[in-house]
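**Q** This is the structure I want to talk about, given as structure tokens.
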Amino acid sequence: MVRFAILFVVMFAPFWAHAQGRVALLVGNAQYDDPALVLANPANDVAALQRALEDLDFQVFPVVDQDRAGVTAALDAFADAAKNADMAVFFFAGHGVQINGENHFITREFNGTTLANLADASVSLTQVREAFASAAPKIGILILDACRNNPFVESGQAAQGLARSAGGAGLLIAYATDPGNVAYDGQGENSVFTTAIIDHIATPGLDARIMFGRVRQQVILQTRGEQIPWVEEAVLGEHYFAGRLGVAMAGAGSAVEMQKWREISAQTEIEPFVDYIAQFPDGVFTQFARDRIAMIRQARAAGAPSGRSSAEILAAEDPVRVKAALQVLGFAQQSRGLTLITISDLASAFDLYRVQLPNPDEASADRLYQDAARMTVFLGATTASQIRKDIAVLDSISRTMDLATNAAAEIAEIAQTNDAAIPVLEQAQRDIADIQGSLDRVMARLDQTRDYYQQLIDRAQNTFPDRVDSGLLETLVRGNGLNPIEQTLAQNAALFVKHVQAFDPETRGSFAWMIDFLPGNG
């Protein structure tokens, strides 16, 4: 095996020597020595992803049906080639196993039933991570389509699926399915997960995290929630597979509005909300913007509150929790960094919150958390309504695209022998372009609403999960509190509360809640 590994490196040294800023190692194991483990698609997955990445100027090296020595040698060469790369990608398609919390990717020669056999015929996720640590690329991306099934599950030696492994600094780990579950090998030439990657990886203007958000969304929709990909990442900055320029946001309608709202939602000045209303007079969040303006004006006009000081009211509270609640309500600015937050730093923001209440003397931390939770559920319900609508539209457009594409293919075949069909073909191609434009706009909206909805769930779970309950829902439906909620939003408010209460750190990066937005669900 050692001699083979040395030969392997020598054979492909010229390739790695020319690798530059974007490097990918793609490993696919399908033809296992054990006939019971043979898979249909890993080699196809590698070939399809290779074509896609090479079109995006990656130096790509495919490793198909190799043993442990071959994969290990390729991984070592990859670590050298990816040193200080702009983007380094490792992809594995095949059987994946978790044993005692460690993930193993089974290589071709595995043909046994014991854990000792496994150690001799697999590469561990730790080895892959060590290769990335050695290379130190600007961003490292691990794509693991490796949960087809686990030969040790039936014997009781291991749990099903892969184990969770948090992304280290500068790493994004994309799993084909959520912890403990099995991914589909696919009915066509590629797996469901790899197909989704191919469909979106070349879309210009998508940050890698947004791209994998689209992948998760597509797999959930196509499998009706039976497969839920997930992502762990600790990445700073933006990183693009297909470049920064792409579909103009100006043409994305609600996507622009959603992006604008996310930028200003924690502002403490009036002007950003005035600008938002001017730009989107009938926008999804226009009423929220009007409320923020009224609250800020009322607070400024009221002057300093009397009675106990804000610092005294908040003395026993967690400053991080207080700040998060004030940000939700628009009385504290969104900020980043590791600066230590103290109650004294938040006193003036809490003063503004107090004086806009009907009775400022009744201000308390509990009232603050309750109001912030109410606002969060309100925003969650509104965002859920947009997601529900866009997923239904996406489903309709996708089916229309399939019909139009199939029709165009038939017309193109006729046009090869009948010139009269050429104008019909040209019109069909224009129709497909129009449908694609509609699809792009809906996808751009969903990029924004999907991430914002998850942000709202995280905020509620991390800051005031005890306040998000059925009692709060009843208050909203009756029209008490910040705003009367329309009855048509009650269902979506209930759904948001359900998602907050069902929050599970083990599936944090999966968008599992999206199942409830599938047509016919929720």
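**Q** Are any residues in the range 105-129 free of Cβ contacts under 8 Å to residues at least 40 places away in the same chain and within 17 Å of Leu25 (Cβ to Cβ), and if so, which ones?
**A** Across the range 105-129, the qualifying residues are Ser124, Thr126.
**Q** Next question, about the same structure. Checking the conditions here, which among Asp366, Asp361, Asp419 is in contact with a Ser or Thr (Cβ under 9 Å, 6 or more places away or on another chain) and loosely packed, with under 14 Cβ neighbours inside 10 Å?
**A** Among Asp366, Asp361, Asp419, only Asp361 is in contact with a Ser or Thr (Cβ under 9 Å, 6 or more places away or on another chain) and loosely packed, with under 14 Cβ neighbours inside 10 Å.
**Q** Which ones in the range 295-315 are of a type in the set (A, V, I, L, M, F, W, C) and surrounded by 13 or more Cβ atoms within 10 Å (Cβ to Cβ)?
**A** Quick first cut of the range 295-315, residues of a type in the set (A, V, I, L, M, F, W, C) only: 295-296, 299, 301-302, 304, 311, 313-315.
The answer is Met295, Ile296, Ala299, Ala302, Ala311, Ile313, Leu314.
Listed here are the residues, each with its yes/no results for (1) surrounded by fewer than 21 Cβ atoms within 10 Å (Cβ to Cβ); (2) within 23 Å of Ile201 (Cβ to Cβ).
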| position | (1), (2) |
| --- | --- |
| Phe78 | no, yes |
| Gly94 | no, yes |
| Gln98 | no, no |
| Glu109 | no, no |
| Ala119 | yes, no |
| Ala131 | no, yes |
| Ser134 | yes, no |
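**Q** Here are some residues: Ala433, Ala421, Ala412, Ala444. Which one is touching a Leu at 6+ places or on another chain (Cβ under 7 Å) and not charged (D, E, K, R)?
**A** Going through Ala433, Ala421, Ala412, Ala444 in turn, just one is touching a Leu at 6+ places or on another chain (Cβ under 7 Å) and not charged (D, E, K, R): Ala412.
**Q** Further, regarding this structure: Pairs needed: first member in the range 268-286, over 16 Å from Met258 (Cα atoms); second member anywhere, surrounded by fewer than 17 Cβ atoms within 10 Å (Cβ to Cβ); C-beta distance under 8 Å; at least 6 residues apart or different chains.
**A** Thr268/Gln333; Ile270/Arg297
None of the figures in this text is laboratory data; all of them are computed from the coordinates on show. Nothing here was measured: the structure is a model prediction, and the numbers come from that model. For neighbour counting, all protein chains shown are included, and Cβ atoms are generated from backbone atoms with ideal geometry for every residue, glycine included.
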